[in-house]
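One structure below.
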Amino acid sequence: MTTVLDRSKAHSESDVQQWLRMYRQMLMIRLFEEQVNDLYTRALMPGLAHLYTGQEAVAVGICEALRLDDYITSTHRGHGHCLAKGAQLGAMFAELLGKEAGYCKGKGGSMHIADPDTGNLGANAIVGGSAGIATGAAFSAKRLNTGQVAVCFFGDGAMGQGLLYEVMNMAALWTLPVIYVCENNLYNEYTHNSETLAGDMLTRAVGFGVPGERIDGQEVRKVYATAKTMVARVRAGAGPAFLVCDTYRFHGHHVGDINREYYRSKQEEQQWKTERDPVKLMLDWLTTEKVANRAQLDQIQNEVKAEVEKAVQFAMAAPYPAVDRVAQDVYA
Amino acid sequence: MTTVLDRSKAHSESDVQQWLRMYRQMLMIRLFEEQVNDLYTRALMPGLAHLYTGQEAVAVGICEALRLDDYITSTHRGHGHCLAKGAQLGAMFAELLGKEAGYCKGKGGSMHIADPDTGNLGANAIVGGSAGIATGAAFSAKRLNTGQVAVCFFGDGAMGQGLLYEVMNMAALWTLPVIYVCENNLYNEYTHNSETLAGDMLTRAVGFGVPGERIDGQEVRKVYATAKTMVARVRAGAGPAFLVCDTYRFHGHHVGDINREYYRSKQEEQQWKTERDPVKLMLDWLTTEKVANRAQLDQIQNEVKAEVEKAVQFAMAAPYPAVDRVAQDVYA
Amino acid sequence: MTLGEAVREALAEEMRRDSRVFICGEDIAEAGTVFKVLTGLVDEFGKERVLDTPISEAGFTGIAVGAAMTGMRPVVDIMFGDFSTLVMDQMVNQAAKVRYMSGGKCKVPMVMRATLGASRRSAAQHSQSLHAWFAHIPGLKVVLPSTPYDAKGLMKTAIRDDNPVVFFEDKMMYKLKGPVPAEDYTIPFGVADIKRVGTDITIIATSSMVQVALDAAKMLEEFDISAEVIDPRTVWPLDEKTLIESAKKTSRVIVVDEGYERYGVTAEIASVIAEGAFFSLEAPVKRIGAMHVPIPFSPPLEDATIPTERQVFGAAKALCG
Amino acid sequence: MTLGEAVREALAEEMRRDSRVFICGEDIAEAGTVFKVLTGLVDEFGKERVLDTPISEAGFTGIAVGAAMTGMRPVVDIMFGDFSTLVMDQMVNQAAKVRYMSGGKCKVPMVMRATLGASRRSAAQHSQSLHAWFAHIPGLKVVLPSTPYDAKGLMKTAIRDDNPVVFFEDKMMYKLKGPVPAEDYTIPFGVADIKRVGTDITIIATSSMVQVALDAAKMLEEFDISAEVIDPRTVWPLDEKTLIESAKKTSRVIVVDEGYERYGVTAEIASVIAEGAFFSLEAPVKRIGAMHVPIPFSPPLEDATIPTERQVFGAAKALCG
Ligand SMILES: Cc1ncc(C[n+]2csc(CCOP(=O)(O)OP(=O)(O)O)c2C)c(N)n1
Ligand SMILES: Cc1ncc(C[n+]2csc(CCOP(=O)(O)OP(=O)(O)O)c2C)c(N)n1
Ligand SMILES: [Mg+2]
Ligand SMILES: [Mg+2]
């Protein structure tokens, strides 16, 4: 015990708080997704879900560098972004189950969770579809002089959508405070991106006047550190930036994508899971660096587990919206 | 006279033929457009036309490097491309006047001239709209193993269209024989491209795996030489290429754009017209190099003038399509 | 005041009233659009609020959606309605659905202005009237003014509306003159306007077709046929009640719209009438829209594709005969 | 054979018959599409003819247009019909108009396959049926098969057609089984199919709504109401004659389509009937389409937006009552 205290003294209290917060957030996303998978497998969840498992360090590292009122836009694989930006577990689960208590009163579902209170302008089921929205949010921030920045999360597959380049160009022309974050998990659904991406991602952005960086997306502290600098620069008025985070999704493209050896090998998956698991990497580092001891880490784990379970129960018990709600919310 | 013969001996007969052909083609486009402007001014032409005057060296230099069966796609400012690829003056004028004898039986007009016999897949009134078509033609050429290449002409304004980048990416992935030619005349209609283009044009293409070059588009021999090398490389299977030709349109955006000082100065226009006129530059060079003497050059001029006049007369006298033709050609 | 001036005035007044309103599009600042509709706005409001964009319709429409969701009130200028093909994802999958998908948490107060209409010899890609596409989509409102007065009042309503509104201006009508009061006024959506009262036949017409209908009505007068001309002004929301009442009164109806007739606006309105006035109709509702061909360039051909007063007159005479 | 298999067989046979036919789209090769409809094709035809693309719908559709103009016969796979928002310019301003604009010199023999239909709990951006947009556009043909037999025969016709054809497959129908002959056959466009003969009421239905109509017809039988069910199979060209004749015979008509009801397919068909069978109709043509709301995710809500057999049954009973 003394050793732990000794070592942790090397770290500032606020650093420790931040590391543990990032760890907790990653863990929360991980356990959330496990529950989602479980609900789906037990046929308790309508539709589909695209699990974020394996990519937690990206959402958490980046959102840690953001203010609560900074904007994000998210994707079909969006649970991680929502939670990292501050969404509550109960309303998340409720939305996935189509319940009235969900973030979108059940109308959006897994692919459309929006939570303006935490700056989340919504997940988007159109690949690349939110690039305009994020850039527009940055436009508002600049015009209204709020100091906010906007982060647009998207997958490597979205690099195929022309819209992205159209808005990058305008973001650069108009020096908008927007960061385009590409979560490069190597696959567009069932197709490796070596089949879909020519040239070079960073060069593309540079061509449109948007400077970029490419980093290991599995190390949450690295993601955070990079994001922190980038966000500060963008907030200060430097114009848009681009960040490629190399990462990997541990599950299938969606919960139903079970047999996937025709597009990626078990060995590849295994390697990422054992060597590059962002939650485990952080846990190991926290342990090695003795930022926290086993008991503290266990406690976090137990707390998160309990929260997640409570949230599932809440959502399961929550009622569906009354059918007459169907015609509401079409127009403001 | 002796001097002329002496000097021209320094040039091979085939070079001389080619230079004179390029000169004649440029002149033909120039005189064609003068007639178009005249027809418009005299209220004899329906609709509008976007004159190519000032950009002749681009179309002519590039098409000189192409086979008759190579494909091109063109733009709203397309007369030069059509003529350079081999279109006949009479059917061109007839189309501009909406006559049955026109290339599209009057149904297309100035912005839609297509002439498959010369490989011209059509002008396009959607900015950037033909980028897919040209890439698709290159796809066919590759699949059908015909050795053809496709050239996609577009303006600097089309760099704003996401479609262009989507197809560049696929052209690179699939090593298609297509050349994207950007005619950078500095303006998108009435807006200077410093307001619309961030980053760097060549870098953009490189980002999508398409190597490029940027050249002076007013020197037809330079354009031709560059195109020749590029076409050979692309035809040999090197994959797509990008070519930016810096140029200038001498007239307004279209024939009706008369007062344009609010977006570009008379001085700028004057400078281009006096110092960078591609027809004059070539004429001067031909004269200085003594490739041809004044009499020969005058003869070319007179011939072209006569052809153009004859073609206008033909088109003016030609009948409109019968009204019942309106419902034909919707479906094949 | 011309219709173009009315649109400009509405924009200027709303921009003065509300600093969150801005306009973006191609060649709209110093050039004031290719139709010169916005001339002068940039002088008053500056280039930050009258924003020249690259030729990136999808991109700047998407930016407008995001700006609208975060406190601004964008007006997007789509030069030719034909280019709306490029913004369908942003308008239909994003703008129109954001409110619903978010369970009412977000809103998208934006206006997309676009032109429609043929007969400028602009050929197939610059002459279409594609408003039916937007009217098909829940979450959007679709406006088609036919007079300067309506244009101004409807544009103000559009800008103040908290939903995405698609506003179609006929290119050939920009020079059309009509009275416009000096004081501030708005025109509610979903309220049709009876442009001419009549008793024998109802002609429902949109946008520039209203003038065509009025001209036909004048020709009909000489044959002692009294035509009522109604302009729905917004095709969504649609003032079914007014249309049906008139149909019940006259028992004969023609619907005229410049979009392609097939699967277009005339189909919806005709079937609303056929249902609502079923027991009053003396004859089937007659639909008149653009011919089922791409708009041709050649003048005699183009003229054959678009509804004319002569055609409407002929149809009305046949119906009443 | 299932409908999915029928589509696959049609494609495979046409690819064998004509080496110019190829397919492109996202995740179609080894993955065989997300619906597994194309499973195995890549093994037979290779990755050059079953071409995985980047997520660039506009781009690869544009490439298909160009390939079609220059000797190939592309089939484009748009995973969800909702993404057709991204290809409207290439389909509508390019593919549909190339032939006309070129005065008949060029042709565009391509097929765009897309899915439609809700009730998979896929929410607002993955559940739409946007075929009305395409039917509105001259130059396109629009096909909606409702059985494996029709799917195969119509797909073959589509591939052999020298025009751009938009072919919509209902996602929920891929598993639907039905007889399909072994020998080569095609089904002409513009010929409606009477799926069930009846005398009291005509139900015109498209795509998956045909099954809904047939189920409703069975329920009506118990009430001694004999319903005729007709599937137009292609909404453009539209077999007006068959629809009108049936309407004249039964004097009561319901039109069911899964697209949004407003300004949708039901409007065109209803007004064609209202005009063509005007003097025979006992009651207004009843339209049943999707509710005018974005498709919600929540199961009880989604179920409320889409036409059901119960709804069709109820409407039919009311009409015949
Ligand atoms: C415009 C569009 N095209 C296709 C799809 C279908 N689709 C959903 S997710 C996906 C792959 C996305 O890959 P990527 O962007 O890398 O995200 P990842 O799933 O890897 O997180 C595709 C093709 C879609 N939703 N939107
Ligand atoms: C998609 C689209 N947006 C806008 C227009 C209207 N428009 C026609 S030409 C033009 C400018 C094009 O500029 P550029 O590509 O540089 O060609 P240039 O006219 O200079 O030859 C514009 C905006 C169009 N035709 N298509
Ligand atoms: Mg990916
Ligand atoms: Mg230009």
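Key figures
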{"quantity": "Count - residues of the stretch D:37-60 that are assigned to a helix (DSSP H, G or I) and facing another protein chain (nearest Cβ under 7 Å)", "calculated": "3"}
{"quantity": "Given (1) surrounded by 21 or more Cβ atoms within 10 Å (Cβ to Cβ); (2) within 16 Å of ligand 1 (Cβ to nearest atom), index of the condition residue A:193 fails", "calculated": "(1)"}
{"quantity": "From the options B:57, B:84, residue that is free of Cβ contacts under 8 Å to residues at least 60 places away in the same chain and within 14 Å of the chain's Cα centre (by Cα)", "calculated": "B:84"}
{"quantity": "In the stretch A:202-216, residue nearest to residue A:173 (Cα to Cα) [restricted to those that are touching a strand residue (DSSP E or B) at 6+ places or on another chain (Cβ under 8 Å) and part of a loop (DSSP other than H, G, I, E, B)]", "calculated": "A:210"}
{"quantity": "Selection from the stretch C:114-156 of residues that are surrounded by 24 or more Cβ atoms within 10 Å (Cβ to Cβ) and polar (S, T, N, Q)", "calculated": "C:115, C:122, C:125, C:127, C:128, C:129, C:146"}
{"quantity": "From the options B:247, B:287, B:226, residue that is among the β-branched types (Val, Ile, Thr), more than 14 Å from chain D (Cβ to nearest Cβ) and surrounded by fewer than 18 Cβ atoms within 10 Å (Cβ to Cβ)", "calculated": "B:287"}
{"quantity": "Matching entry among B:134, B:150 (being farther than 26 Å from residue C:128 by Cα and either within 15 Å of ligand 2 (Cβ to nearest atom) or buried (at least 24 other Cβ atoms within 10 Å of the Cβ) (or both))", "calculated": "B:150"}
{"quantity": "Considering residues of the stretch C:90-111 that are touching a residue at least 12 places away in the same chain (Cβ under 8 Å) and farther than 18 Å from residue A:137 by Cα only, the residue farthest from ligand 1 (Cβ to nearest atom)", "calculated": "C:100"}
{"quantity": "Selected residue [assigned to a helix (DSSP H, G or I), over 21 Å from residue B:197 (Cα atoms), in contact (Cβ under 8 Å) with a residue 24 or more places away in the chain and among the charged types (D, E, K, R)] from A:142, A:222", "calculated": "A:222"}
{"quantity": "Residue match in the stretch A:155-165 (condition: more than 8 Å from every other protein chain (Cβ to nearest Cβ), buried (at least 24 other Cβ atoms within 10 Å of the Cβ), more than 13 Å from ligand 1 (Cβ to nearest atom) and touching a residue at least 60 places away in the same chain (Cβ under 8 Å))", "calculated": "no"}
{"quantity": "Helices (runs of 4 or more DSSP H) wholly inside the stretch A:19-117 that include at least 2 residues being over 28 Å from residue A:164 (Cβ atoms) and of a type outside the set (Ser, Thr, Tyr)", "calculated": "A:89-96"}
{"quantity": "Candidates C:273, C:244, C:269 - the one that is at pLDDT 95 or above, within 29 Å of residue C:123 (Cβ to Cβ) and not hydroxyl-bearing (Ser, Thr, Tyr)", "calculated": "C:269"}
{"quantity": "Among the residues listed as A:121, A:66, A:96, the single one being at pLDDT 95 or above, facing another protein chain (nearest Cβ under 10 Å) and within 14 Å of the chain's Cα centre (by Cα)", "calculated": "A:121"}
{"quantity": "Single match in D:208, D:251 (criterion: under 20 Å from the mean Cα position of the chain (by Cα) and not charged (D, E, K, R))", "calculated": "D:208"}
{"quantity": "Residue count for the stretch C:272-293, restricted to those that are part of a loop (DSSP other than H, G, I, E, B), more than 22 Å from the chain's Cα centre (by Cα) and touching a residue at least 24 places away in the same chain (Cβ under 8 Å)", "calculated": "5"}
{"quantity": "The lone exception for residue B:242 - which of (1) surrounded by 20 or more Cβ atoms within 10 Å (Cβ to Cβ); (2) farther than 30 Å from residue C:31 by Cβ it fails", "calculated": "(2)"}
{"quantity": "Selected residue [more than 16 Å from ligand 3 (Cβ to nearest atom), more than 28 Å from residue D:47 (Cα to Cα) and outside any helix (DSSP H, G or I)] from B:157, B:147, B:128", "calculated": "B:128"}
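The values are calculated or read from the model by the stated rules, or taken from the named source; none is laboratory data. Keep in mind it's a predicted model, so treat the numbers as computed, not measured. Ideal geometry is used to build each Cβ from the backbone, glycine not excepted, and the neighbour counts take in all protein chains shown.
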